[in-house]
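Engineer: Take a look at the following structure, please.
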Amino acid sequence: MSPLSSAAAALLRRSSRQRAGSGLLLMLVGVAFALALAGCAGVGGLDGGAESSSGLGDGNYGIDAGGSDDADVLVGERRDARSRAVAHVELAGAYYSQGNMGVALEEVRIALKADPGYAPGYNMLGLIQVELKDVTRARASFERALRIDPRDPDTNHNFGRLLCQNGQVNEGVRRFMAAVQNPLYRTPARSYASAASCYLGAQRTDEALDLFQQSLRVDPSFAPALLPTAELLIKKGNAEAARALVTRFDTLVRPTAESIWLQLRIERRRGDAAAESASAALLKQRFPDSVQAGRLARGEFD
């Protein structure tokens, strides 16, 4: 994935000057977000309820449909539609990551007006609509993005998250699996773990464990999958395997209340009183006000 484009960077500087006070962190955040999200920039995205060519439908969230398109000055004489769309979607990602959904939505509108066939624009639009709790339009935006580019892993992943959050477990997992089937996808461990979490939320623990373990086979250092996998292994009575995962987590990430609590319960299962006591002391010392410390005080180990 390429860094924030020079066009987007220039637009970001210009936009920041025009919107004083809203953009001290935009350049750094924009780079990070753009690399993680939107199609060529790394995000994920739909069509729906969207009647206009921009995909915004009747509700434009109070954004003026008019206004100048500053992207023209960024691409020089070529005024290439795709270049403008890319620049504005990257800029939308920067505002999105700052929580400025109104401006992010405006930037996506400009992008899709320039190039209505740019799939990452609908992916970005869907993400914004999720944050605005406009689930119907978000679904439509992701669907539109996938009609344009059915194999896009980021859009499939983001759509999967939306579906799982709304109780559509099987369809959500299917989208995550579509993401990992793309050989160019850089973060398949993320989608395997998200699918596992979707199953876990539906109390389908065996399927969740299989996918968490698949996530770790793809990337043994994918920290978000380590503790949930350890938790499921404890419940299956496999304390040794769970212990190895917690140890790996604490090597990769600073120990948390959750990881220390898991370690304590594992040592309790193993019958190592000294190690259990050490974990208890560490939990009370570092996280005295945590939920886990409260459970320890009440003797709620399972």
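Engineer: Looking at the range 189-302, what helices (runs of 4 or more DSSP H) fall wholly within it and have at least 2 residues that are more than 30 Å from residue 171 (Cα to Cα)? Reasoning before the result, please.
Structural biologist: Working: elements: 205-218, 223-235, 239-252, 257-270, 273-286, 291-298.
Fully inside the range 189-302 and qualifying: 239-252, 257-270, 273-286, 291-298.
Engineer: Now for a separate question. Please count how many residues of the range 187-206 are buried (at least 23 other Cβ atoms within 10 Å of the Cβ) and at positive phi.
Structural biologist: 0
Engineer: Are there any pairs with C-beta distances below 9 angstrom linking a residue in the range 254-267 that is farther than 13 Å from residue 228 by Cα to a residue that is among the aromatic types (Phe, Trp, Tyr), with the two at least 6 apart or on different chains, and if so which?
Structural biologist: Partner pairs satisfying both residue conditions: 255/249; 256/249; 256/287; 257/287; 260/287; 264/301; 265/301.
Engineer: For the range 115-134, which residues satisfy the criterion of being in contact with a Lys or Arg (Cβ under 6 Å, 6 or more places away or on another chain) and either surrounded by fewer than 24 Cβ atoms within 10 Å (Cβ to Cβ) or within 12 Å of residue 162 (Cα to Cα) (or both)? Before you say what the answer is, go through the steps one by one.
Structural biologist: Our first condition is that a residue be in contact with a Lys or Arg (Cβ under 6 Å, 6 or more places away or on another chain); within the range 115-134, this holds for 115, 122, 129.
Those that are in contact with a Lys or Arg (Cβ under 6 Å, 6 or more places away or on another chain) and either surrounded by fewer than 24 Cβ atoms within 10 Å (Cβ to Cβ) or within 12 Å of residue 162 (Cα to Cα) (or both): 115, 129.
Engineer: For the condition closer than 30 Å to residue 157 by Cα and free of Cβ contacts under 8 Å to residues at least 40 places away in the same chain, what is the one hit in 287, 249? I'd like the intermediate steps shown before the answer.
Structural biologist: Details: 287 fails: closer than 30 Å to residue 157 by Cα.
It is 249.
Engineer: Please work out which residue is farthest from the chain's Cα centre (by Cα), limiting yourself to the range 264-275 and to residues that are surrounded by 19 or more Cβ atoms within 10 Å (Cβ to Cβ) and either more than 30 Å from residue 219 (Cβ to Cβ) or not basic (Lys, Arg) (or both).
Structural biologist: Filtering first and then ranking leaves 267.
Engineer: Still on this structure, I have one more. Listed residues 283, 216; which is under 22 Å from residue 200 (Cβ atoms) and of a type in the set (A, V, I, L, M)?
Structural biologist: Values: 283 fails: under 22 Å from residue 200 (Cβ atoms).
Within the list 283, 216, the selection yields 216.
Engineer: Only residues that are farther than 15 Å from residue 222 by Cβ and surrounded by fewer than 23 Cβ atoms within 10 Å (Cβ to Cβ): list them for the range 251-263, please.
Structural biologist: Those that are farther than 15 Å from residue 222 by Cβ and surrounded by fewer than 23 Cβ atoms within 10 Å (Cβ to Cβ): 254, 255, 256, 257, 258.
Engineer: Need pairs with beta-carbon distance below 8 Å; first residue within 19 Å of residue 156 (Cβ to Cβ) and within the range 102-128, second surrounded by fewer than 24 Cβ atoms within 10 Å (Cβ to Cβ) and charged (D, E, K, R); sequence gap 6+ or separate chains.
Structural biologist: These pairs meet every condition: 118/82; 119/149; 121/115; 122/47; 126/139.
Engineer: Of the residues that sit in the range 135-186 and are of a type in the set (Asp, Glu) and crowded, with 23+ Cβ neighbours inside 10 Å, which one is farthest from residue 217 (Cα to Cα)?
Structural biologist: Of the residues in the range 135-186, the ones of a type in the set (Asp, Glu) are 143, 149, 152, 154, 171.
Filter once more, keeping what is crowded, with 23+ Cβ neighbours inside 10 Å: 152, 154.
Working: 152: 22, 154: 20 Å.
The extreme case among them is 152.
Any read-out appearing in this document is the output of simple, stated calculations on the displayed coordinates, not a laboratory observation. Everything quoted here is computed from the prediction, not taken from an experiment. We place every Cβ from the backbone using ideal geometry, glycine too, and count neighbours over all the protein chains shown.
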